[in-house]
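Asker: Here's a structure for you.
The values are calculated or read from the model by the stated rules, or taken from the named source; none is laboratory data. These numbers come from a predicted model, not from an experiment. Cβ: placed from backbone, ideal geometry, glycine included. Neighbour counts: every protein chain shown. For accessibility, only protein heavy atoms count, side chains too; no ligands or nucleic acids. Shrake-Rupley method; radii C 1.70, N 1.55, O 1.52, S 1.80 Å.
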Amino acid sequence: MLFSSVTFILFFLPAALLLYYIVPGKCKNTVLLLESLIFYAFGNMRYLLLAICLVFVNYLFARGMGRKSCQQRTRRFYLIMALAADISLLAAFKYGAWLSMFLNRITQGDITFFDVLPLGISYYLFKLISYLCDVYTGKCEPEKNIIDFMTYVLMYPQILVGPIIRYVDIRAGLKNRDRHVKPEEIRQGTRLFVYGLAKKVILADTLGMLWSQLAGADGIGIEKASSALVWLAVLAYSLQLYLDFSGYSEMSNGLSAMMGFSCKQNFAYPYLSRSVTEFWRRWHITLSEWFRDYVYIPLGGNRKGMMCHILNMLIVWILTGIWHGHTVNFLVWGVYYFAILLLEKYVLKTLLERHKAAGHIYTLFVAVTGWGIFAADGTQIGVLPLLHKMFVFSSGESALYFIRCYGVTLLLSVAVSGGFYQKLQGKLEDRRWLETVWLSIVFLLSLSYVVGSTGRAALYAGF
Amino acid sequence: MKSKLWTMFPSLVILGIVCVISLLSLFAPKQEMLTVENRKASSIPSFSFADWMSGDYQERLQDYSNDHVAFRQGWIHLKCFVDEMLLMKTEEDDILLGKDSQMFTKEFVSADENERFSKNVSALATFMETAQVPVTVMLVPSPAAILSEQLPAYAPMVSEDSMLAYVKNELQPLGTVLDVRDTLYAHKDEYIYYRTDHHWTTLGAYYAYLDFCRQSGKEPCNPDWEQAVQIEDFYGTHYSKTRYPLTRPDTITYFPMDNQMIEYKVTGDAVFEAQEPQGVIDLPQFHEYDKYAAFLGGNPGYCVIAGQGEGKILVVKDSYANCFVPFLLSNYEQAGVVDYRSYAYGLSNLVEKEGYDEILILYSLQGFAKDTGLVSINRPVSE
C-alpha cells in the first residue's frame, strides 16, 4: 500500500490517525505497531514474519551487548554475529535473483532463490545495523521494551522507503509516555504530507512518462532518439527522481510529525548545491550519513593518510552504488561519484569556492549525467549507448514535441526543486485562511491524480 | 482550546475532506458499471487466507476501493483538466490532443519493430496463397495519417505510409490491396473521422465503399444523405481517456434499414447456432454511452446479414467495418462478418459451407497492427 494510493489516503490514514489520537499515551506505541503490521501485511504478508524475526533477533543481540556482565570481546562477537546475519540476508535478497540467474546460465539449471526483494528490507535492515552499532559504541542503551523497539523499526511511515532514522534520534519521541501531539506538529505534518504527495503524483509521475517515452518497453529507444531528446529525457528523469523520492520522504516525515515524532529531513534542495560534495550532503541525507557514520568513519575516514582516505571513499561509493541494485550501471555510478568527489577534494575545491555560478552549473551537469548512468540499467538502455548519445551529438527523433508536451511540467518541477514552495510557505505562514485554502487546493488536485491514475486502460478490449 | 484548533486549522480541514470522501465512498450506493470507462466496476473480493498470503486479496481490495471512490468520474475529469489545461500537455493516456479538438491514437516511433504487424501480414499472405475465392485487403489509415495537419506539432508518429507500402509489397501479388488513402485525403476537410473516437464516420466509410465498388466493378448504392438519421452527443473512446474540457461531441449518422442480421453462437470450426434475428443497427444502443456499438450490434464473432444484391461476401474485420458493411447490402445477397476477437477458427470450412464468393479483409491499420486473433485465420481444418 503506497502512501499515494486511494486505500492509504482515504481509508488507512484517517482510521489509523484517529485511533492513534484517541488511545491514551501509554498505548500509542502498541497501536502504532499494530497499524504498521497491518500496513506491511497489506503489501506482503509473506515477509512480515521475516521482518518480525529480524527485529527480534537484533533486539536480543543488542540486549546481550547491553548486559553489564558482558565483556568487550563478547560484545564484539555479538555485534559481528548480528551484522553478519543482517548483511548476508540483505545481500542474499538484493543479489540472489542475479546470482541464481548467473548460476543457471553456467549450470543450465533452473533454480531461483531470493527472487523477491521483501518490501523495505534495505531500509529497515539499515535501521537495525545503525542501532546495533550505536549500542556497541555506547551511543545509546539497548531498548528493553520490545514493543517500542519494534515500533521504531517497523513504523509504517518509514518502513517502505525510509528515511533511515536512527534510534537515538527518535527515542525521546517513543519514550514520551504522555505524548500529546502539538497542534503545530500536526499542521507541519499535514503540510509536509500534502506537498510531498503533490510532488510525487502531479509532477514526478508526469515526468516519469517523458522518461519512459524514451526508455520504456515500447519507447523510442536510444538508437532512434536525437541527442537533444536524450538530454531532455535524462533531465526529466533527474527531476522525477528528486520529486518522487523527496516527495515520499516528506510524506513520511509528515506522517511522523502528525504522530509527534520529529524526523530528520532527507532532502535539502540538493539541486541548489555548488559542489558535488555539497550535493551529497543534501541528497538522501539519511543514507549518506549512514554510510559516513557506519562505514567511512569506522574504516578510518580521512585520518589515516591519503591512500587510506581514497580507499575508504572508493569502498563507500561502491557500496552506495550496489545498495541501489545489482546491475552494472549502479557500480559504474558509484565509481563515477568516487572519481568526481576525489577530483573535487584534491583539485577543484578552491576553484569551486571562488566561482559560485560555475559551481552550480558544474554540479547540475555532474548530477544529471550521473542520473543518466543510474537510469540506464540495461533492460532497455545501457550505460555506454546512453553516454555516447549524450556526448557525441547525433540526430534522430526530435525533442520538440516533448518540450511542447511537458514544458510546463518541467518548468514547474524546476521551480519546486529550487525551493519555490518553501518561499511561498514563508508568505503563508501567518495567513491561516490563505494557507488552508492553498493546502486544500493542492490536496484536492493531488487526490485527483491519485484517483485519475487508477483507470485501467481496458477501453480497446471492449470496443 | 480555540487557539489550538486555529493552529491546526488547515489539518482539520484536510482531515475533514478525507473523512467525508471516505465515508461517502464506503456508504454511498455502488455502481456496477463504470460507463465512461466502458468496464465493469470491481466487486468486493471474498476473503480467503490463501489470497491474503499471496497478496491477491489486498490487490483486489485496492481495485475495489479505486473503482468505488466517491465522485470517481469527477476526480478523473479534474486530473485531465489539470493535465490538459494547466500543465498544457498534448496527450493523455496515449491519446494525442490535436487542433480543433481532434484526437488521435498515439502510435509513436518505437525502438522495437512491430512484430505483431509483420506476423499478421504474413498470416494474411499465407491465407491468400491458399484461398479458394478472391480476397481484397483494405487497411484504413488512422486520422493521424490523413488529418496530419491537426496532429500536435512535431509528434513523432510512426509512418503509416511505410506500413501500407509493406502491406502492398507483401500482399499485392496474392490478391487485391485496396489503398483508400488518396480518397480519404481528397475528402480530408469533410467529417470523415470522429473527433472523440478512434473510428471513421459513416461518411468516411462511404467514400471507401465507393473505392471498393470502383475496384470490383460494382454499382455503388447512392443513399440519400438528407434522409440519414443523425445521433448527436456522441463521446467516443478517445474522450473516455482524455476527458478534454474543450471537446466538441461527435454526431453519428446512420441509414435506417430493414435488413435482418443473424448473430451466431460459434461452437466449433464452421459449427454455429443461429440466435434471434435482429436489425443491422441496434437502435437502443444509441441511447447508451457507447453509441458506435449500435452498428452490427457491436462485434459478434460471426454474423450474417441478408442483402438485396447478388453473390455472397465474407468480411473479416475489426470495428472499422461496422459502419461500412451496411453499404455492401445493396450489392450482395448475403454478407457474412467474422471478427477474430471473438472467433478462433480458420476460414476455409466456413467459406465452403456458406458458399462465399469473395472475401474482404477490412481493418483499421492501427487495429490490424495490434490484432492478436487474426493469426487463427490459417488454423488447420483438421484441428
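Asker: Translational diffusion coefficient of chain A at 37 °C, 0.692 mPa s, Stokes-Einstein with Kirkwood Rh over Cα pairs, in µm²/s as a whole number. Please list the in-between numbers first.
Answerer: On the way: Rh = 24.1 Å.
In µm²/s, the coefficient is 136.
Asker: Compute the signed sum of charges (Lys and Arg +1, Asp and Glu -1) over the other residues within less than 13 Å, Cβ to Cβ, of A:Lys345. It would help to have the intermediate numbers written out before the result.
Answerer: On the way: positive: A:Lys349; negative: A:Glu278, A:Glu344, A:Glu353.
That sum, taken over residues with Cβ under 13 Å, equals -2.
Asker: Given N residues in segment B:1-133, what is Rg(Cα) / (2.2 N^0.38 Å)? Before the final figure, lay out each step's value.
Answerer: Numbers: Rg = 23.9 Å, N = 133, 2.2 N^0.38 = 14.1 Å.
Compared with the compact-globule rule of thumb, segment B:1-133 sits at 1.70.
Asker: First compute the accessible area of segment B:103-378 with a 1.4 Å probe, then give the percent of it belonging to carbon and sulfur atoms. Intermediate values should be presented prior to the final figure.
Answerer: Working: 5110 of 10930 Å².
Ligands and nucleic acids excluded, carbon and sulfur reach 47 percent.
Asker: For segment A:32-126, place one equal point scatterer on every Cα, skip the solvent, and apply the Debye formula. What is log10 of I(q)/I(0) at q = 0.10, 0.13, 0.21 Å⁻¹?
Answerer: So the normalised log intensities are -0.38, -0.60, -1.03.
Asker: Separate question: Among A:Lys94/A:Lys224; B:Lys119/B:Lys265; B:Lys106/B:Lys291, which pairs are too far apart, with a Cα-Cα distance over 31 Å? Don't skip to the end; give the middle numbers.
Answerer: Numbers: A:Lys94/A:Lys224 33 Å; B:Lys119/B:Lys265 28 Å; B:Lys106/B:Lys291 23 Å.
Beyond 31 Å: A:Lys94/A:Lys224.
Asker: Right, something else. Would you mind giving the mean number of other chain beta-carbons within 10 Å of the Cβ of each residue in B:66-75, as a whole number?
Answerer: Values: counts 10, 5, 1, 8, 2, 3, 5, 1, 2, 11.
Partner-chain Cβ atoms within 10 Å, mean over residues of B:66-75: 5.
Asker: Measure out, as a whole number of angstrom, how far apart the alpha-carbon centroids of segment A:166-203 and segment B:65-132 sit.
Answerer: With segment A:166-203 and segment B:65-132 each reduced to a Cα centre, they are spaced 41 Å.
Asker: Compute the separation of the alpha-carbon centres of segment A:243-260 and segment B:312-340 and state it in Å as a whole number.
Answerer: One Cα centre to the other: 59 Å.
Asker: While we're here: Return one quarter of the surface area of the convex hull spanned by the alpha-carbon atoms of segment B:103-378, equal to its mean projected area, in nm². Could the numbers behind the result be given before it?
Answerer: On the way: hull surface 57.3 nm².
Averaging across all directions leaves 14.3 nm² for the Cα convex hull.
Asker: Before anything else, pin down the relative contact order of chain B: Cα pairs under 8 Å, at least 6 apart, normalised by residue count, whole percent.
Answerer: Working: 635 pairs, mean separation 60.6, N = 383.
RCO, chain B: 16 percent.
Asker: What accessible area per residue, rounded to a whole number of Å², is obtained for chain A using a probe radius of 1.4 Å?
Answerer: Numbers: 19900 Å² over 463 residues.
Heavy-atom SASA per residue in chain A reads 43 Å².
Asker: Over segment A:259-405, what is the mean sequence separation of C-alpha contacts under 8 Å (at least six apart), divided by residue count, expressed as relative contact order in percent? List each step's numbers first, then the result.
Answerer: On the way: 130 pairs, mean separation 33.7, N = 147.
Relative contact order comes out at 23 percent.
Asker: Based solely on its DSSP helices, what 222 nm [θ] is calculated for the protein assembly as shown when runs of n ≥ 4 H residues each add -39,500 (n - 2.57) and the sum is averaged over all residues, nearest 500 deg cm²/dmol? Write out the running numbers ahead of the final one.
Answerer: Values: 37 runs with 446 residues, N = 846.
Using -39500 (n - 2.57) per qualifying helix, the result is -16500 deg cm²/dmol.
Asker: Around B:Lys89, what is the net charge, scoring Lys/Arg as +1 and Asp/Glu as -1 over all other residues with Cβ under 14 Å from its Cβ? Before the final figure, lay out the partial values.
Answerer: Values: positive: A:Arg404, B:Lys79, B:Lys106, B:Lys241, B:Arg243; negative: A:Asp205, B:Asp83, B:Glu84, B:Glu91, B:Glu92, B:Asp93, B:Asp94.
Neighbourhood net charge equals -2.
Asker: Turning to a different aspect of this structure: Run the dipole for segment B:103-378 about the Cα centre, Lys and Arg Cβ at +1, Asp and Glu Cβ at -1, nothing else charged, and hand back the magnitude in debye, nearest 20.
Answerer: Values: 19 positive and 38 negative charges, 114 e Å.
Once rounded to the nearest 20, the dipole reads 540 debye.
Asker: List the GluC sites (Glu not before Pro) within segment B:266-375 that DSSP assigns to loop and that have no more than 15 neighbouring Cβ atoms inside 10 Å. Don't skip to the answer; put the middle values down first.
Answerer: Values: sites: B:Glu273, B:Glu288, B:Glu310, B:Glu333, B:Glu352, B:Glu354, B:Glu358; in loops: B:Glu288, B:Glu310, B:Glu333.
Here the sparse-neighbourhood loop sites are B:Glu288, B:Glu310, B:Glu333.
Asker: Let me ask you something else. For segment A:185-450, I need the span (max minus min coordinate) of the C-alpha atoms along each principal axis, in Å, sorted largest to smallest.
Answerer: For segment A:185-450, the Cα spread along each principal axis is 58, 50, 37 Å.
Asker: Moving to a separate point now. Quick one: net charge of B:Ala335's neighbours, Cβ under 14 Å, K/R +1, D/E -1? Mind showing how you got there, number by number?
Answerer: Working: positive: B:Lys218, B:Lys312, B:Lys317; negative: B:Glu263, B:Glu310, B:Glu333, B:Asp339, B:Glu354, B:Asp357, B:Glu358.
Taking every other residue near B:Ala335 into account, the sum is -4.
Asker: What are the membrane-span-like helices in chain B by this rule: whole DSSP H runs, Cα extent along the axis at least 24 Å, mean Kyte-Doolittle hydropathy at least -0.5? Could you put the intermediate results ahead of the total?
Answerer: Numbers: long enough: B:9-27 (27 Å, 2.57).
Helices meeting the criterion: B:9-27.
Asker: Please calculate how many Å² of accessible area chain B carries per residue, with a 1.4 Å probe and no DNA, RNA or ligand atoms counted.
Answerer: On the way: 16770 Å² over 383 residues.
Result: 44 Å² per residue.
Asker: Here's another thing I want to ask about it. Rg and Dmax in Å for segment B:326-383, alpha carbons only: what are they?
Answerer: 12.6, 36
Asker: Shielding by partners for B:16-22, please: the mean number of other protein chain Cβ atoms within 10 Å of each residue's Cβ.
Answerer: Numbers: counts 2, 5, 8, 4, 0, 7, 8.
Per residue, the average neighbour count from other chains is 5.
Asker: Just the number, please: Stokes-Einstein D of the protein assembly as shown in µm²/s, Kirkwood Rh from C-alpha pairs, 25 °C, 0.890 mPa s. Numbers along the way, then the final one.
Answerer: Values: Rh = 30.8 Å.
The estimated diffusion coefficient comes to 80 µm²/s.
Asker: Let me ask something else. A:Leu103 to A:Lys356: extension gain in nm, 0.36 nm per residue of separation minus the Cα-Cα distance? Before the final figure, lay out each step's value.
Answerer: Numbers: separation 253, 0.36 × 253 = 91.08 nm, distance 5.06 nm.
Gain in length upon complete extension: 86.0 nm.
Asker: Please report the spacing between the Cα centers of segment B:250-293 and segment A:339-373 in Å, no decimals.
Answerer: 68
Asker: In whole angstrom, and with the biggest value first, how far do the Cα coordinates of segment B:19-81 range along each principal axis?
Answerer: Here the Cα extents, ordered largest to smallest, are 40, 28, 20 Å.
Asker: Can you give the accessible area buried between chains B and A, summed over both chains, with a 1.4 Å probe, in Å² to the nearest 100? Please report the intermediate quantities before stating the final value.
Answerer: Values: alone 19760 and 22980 Å², together 36680 Å².
The B and A chains share an interface burying roughly 6100 Å².
Asker: Calculate I(q)/I(0) for segment B:196-335 by the Debye formula, one identical point scatterer on each C-alpha and no solvent, and give its log10 at q = 0.11 Å⁻¹ to two decimals.
Answerer: -0.43
Asker: Please go through segment A:354-463 and write out the trypsin sites (Lys or Arg not before Pro) that DSSP classes as loop and that have at most 13 other C-beta atoms within 10 Å. Write out the running numbers ahead of the final one.
Answerer: Values: sites: A:Arg354, A:Lys356, A:Lys389, A:Arg404, A:Lys423, A:Lys427, A:Arg431, A:Arg432, A:Arg456; in loops: A:Arg431, A:Arg456.
Passing sites in segment A:354-463 are A:Arg431, A:Arg456.
Asker: With all distinct Cα pairs included, what does the Kirkwood hydrodynamic radius of segment A:331-463 come out to in Å, to one decimal, could you say?
Answerer: On the way: mean 1/r = 0.0508 Å⁻¹.
It works out to 19.7 Å.
Asker: Quick one: compute the contact order of segment B:248-383, relative version, from alpha carbon pairs under 8 angstrom and 6+ residues apart, as a percent. Write down the numbers at each step before the final one.
Answerer: Numbers: 263 pairs, mean separation 30.5, N = 136.
About 22 percent, as a whole number.
Asker: Would you please state the base-10 log of I(q)/I(0) at q = 0.13, 0.15, 0.19, 0.21 1/Å for segment A:135-199, with intensities from the Debye formula using one equal scatterer on every alpha carbon?
Answerer: Per q value, in the given order, log10 I(q)/I(0) is -0.47, -0.62, -0.92, -1.06.
Asker: Can you send over the carbon and sulfur percentage of the accessible area for chain A, probe radius 1.4 Å, protein chains only? Could the numbers behind the result be given before it?
Answerer: Details: 13310 of 19900 Å².
Carbon and sulfur together cover 67 percent of it.
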